[in-house]
Amino acid sequence: MAEVYNWQLGRKMKYVFEEAHPQKQFTAVFNINRCIGCQTCTGACKATWTFSKGQEYMWWNNVETKPYGSYPQHWDIKILQMLDEAHAAQKKQATWDATQTDAKAPYGTYNGLTIFEATDGNQNAIGYIPEDKEWRAPTFYEDTSNSYTGDNLGISTQGVSLPEHQTWFFYLQRLCNHCTYPACAAACPRKAVYKRPEDGIVLIDPSRCRGYRKCVEECPYKKSMYRGTTRTSEKCVACYPRVEGNDPLSEGVPMETRCMAVCPGKIRLNGLVDVAADGSWVEDPKHPMYFLVKQEKIALPLYPQFGTEPNIYYIPPRWAPRAYLHQMFGPGVEAAIARYAAPSRELLAVLQLFRTTQKMIFRYEIEEGPLVHETEINGKPWQMYNDTVIGFDAKGREAVRLSVVEPLHERPPERLNTI
Ligand code: SF4
Ligand code: SF4
Ligand code: SF4
């Protein structure tokens, strides 16, 4: 195996291929705090890509209710258990050292084993093939909270209060992470899985695939799926015609994918970032993705300890137990929630950009507005300004303009009762 640098782990790790990086990387930020679990994203992907025979149980995008929901059922519990067993066998601990952080190791260093390092040598990554029944529904345990001790009517006696609710659930939005070090590509004996140099999108070449399902087995996120009618595996294609700017609506610039563009909760922001030859993101502080992930660090990778360097980032839910979130998003959780709870002036403006135009935003500018609100958050003074944020598309044209305070539109009297 080769040695590659994984910045999410803050160290080099083993991977089957030599290090090589695309010029740009497909990426997204999901704000879990805003998701309403409507599954519009799930339906949009199904209606676009997986409505044919043999794809009935295939949901490239799904939204699962944590802690119990998962599609396929128990996918993360099972991989975490396999990793635990590998640590026990090798007498190692899956610990993070977050005392030293810098640009090359923003969350500190992961000292445990990744899925590539936990193998017994017979595979390139640990994994399993889910049984058919585990793919049966994308909504197992939807809207189900953890259990709590209630009164004699079953009503919670604790109520809810921050920082951690005693009774909780949250929605986790999932699709292929278009990983920097894809386990699906590492697993494939036919070399049918590839990462595009122009945008980092990971695709399966159906003409090479023979349906061995090694990608299904070794993708830790279980986002490669087998189709019995064609005897090939399929996965999220990142809506690549839209990303390429070939959609008739796109006016020749990259557009957000279908699952991103339909989101009524406005939780998703999708973009392309420039990648340097060493895999780091080219410094670009006015790019919304760079700002959210690298500068403010409020958006974190999902299970970074797996080692694939996933490229979908999550703003963690404010109310969920920190230990659970730490396991899911790594040691950046506390700082991310603190910054989200009391956003900086710039962050508050950038958060307005989510899901406001179908075009990908490559740069933003902020026009300063007046102070509109002052309060205290967590014992510290906090001010809100009605700034205006302007997003620009790939050709530098203005794509969207929004103010922090939403304008109020009053109906004229003659239209008061026209519903
Ligand atoms: S999430 Fe899975 S299918 Fe997607 S690129 Fe990563 S390893 Fe491959
Ligand atoms: S990016 Fe496109 S193909 Fe992938 S899950 Fe979203 S809608 Fe489906
Ligand atoms: S469409 Fe948006 S709000 Fe609705 S479930 Fe999907 S991510 Fe959540």
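A few points about this structure:
- Segment 322-349-segment 182-244 distance, computed between alpha-carbon centres (Å): 32 Å
- For segment 372-419, projected area of the alpha-carbon convex hull averaged over all directions, nm²: 7.0 nm²
- Taking other Cβ atoms within 10 Å as a rough exposure proxy, Thr149, Thr257 sort from fewest to most as Thr149, Thr257.
- For Lys294, a cut-off of 12 angstrom between C-alpha atoms picks up these aspartates and glutamates, skipping any fewer than 8 places away in its own chain: Asp102, Glu283, Asp284.
- Close amide H contacts of Ala105 (hydrogens built in the peptide plane, cut-off under 5 Å, sequence separation of 5 or more or a different chain): none are found.
- Scaled to the globular estimate 2.2 N^0.38 Å, the Cα spread of the chain, given as radius of gyration, is 1.00.
- The residues packed around Asn6, meaning those with a beta-carbon under 13 Å from its beta-carbon, carry a net charge of -1 if Lys and Arg are +1 and Asp and Glu are -1.
- Dipole check for segment 1-152: with +1 at the C-beta of Lys and Arg, -1 at the C-beta of Asp and Glu, and the Cα centre as origin, the magnitude is about 340 Debye.
- Along segment 348-355 the Karplus relation, 6.51 cos²θ - 1.76 cosθ + 1.60 evaluated at θ = phi - 60°, assigns HN-Hα couplings of 4, 5, 5, 5, 6, 6, 4, 6 Hz to successive residues, with x for each Gly and Pro.
- Column: log10 I(q)/I(0), Debye, Cα scatterers of segment 339-419, q = 0.25, 0.27 Å⁻¹: -1.12, -1.24
- With the cut-off at under 14 Å, measuring from each backbone N in segment 317-336 to a point 7 Å along the Cα-to-Cβ line of Asn378 picks out 317-320, 322, 332-336.
- Sites Lys266 and Tyr194, calculated FRET efficiency, Cβ-Cβ separation with R0 30 Å, nearest 0.05: 0.35
- Distance histogram for segment 222-270 (every C-alpha pair counted, 5 angstrom bins, percent rounded to whole numbers): 5, 19, 19, 17, 17, 13, 8, 1
- Distance between segment 264-305 and segment 132-175 - C-alpha centres, whole angstrom: 29 Å
- Fewest-first ranking of Thr230, Thr180, Thr65, using other Cβ atoms within 10 Å as the exposure measure: Thr230, Thr65, Thr180
- Under 5 Å, built H, 5+ apart or other chain: amide partners of Val275: Lys24, Gln25, Val282
- In the calculated pair-distance distribution of segment 166-279, the portion above 25 angstrom amounts to 32 percent of the Cα-Cα pairs.
- J(HN,Hα) series, segment 209-219, from Karplus relation 6.51 cos²θ - 1.76 cosθ + 1.60, nearest Hz, glycine and proline x: 5, 10, x, 6, 6, 5, 5, 4, 5, 9, 5
- Ile377, Ile361 arranged by Cβ crowding within 10 Å, fewest neighbours leading: Ile377, Ile361
- Its alpha carbons considered, segment 281-419 gives a radius of gyration followed by a Dmax of 18.0, 61 Å.
- Phe51 paired with Asp132, simple spin-label distance in nm, labels 7 Å along Cα-to-beta-carbon: 2.6 nm
- Under the simplified labelling scheme, the Arg401-Tyr141 pair shows an inter-label distance of 4.8 nm, with each label point 7 Å from Cα along Cα→Cβ.
Rule-based calculations on the coordinates, nothing more; no lab input. Computed from a prediction, not measured in an experiment: that's the story for all the values here. Note that we place each Cβ from the backbone using ideal geometry, even for glycine, and neighbour counts take in every protein chain shown.
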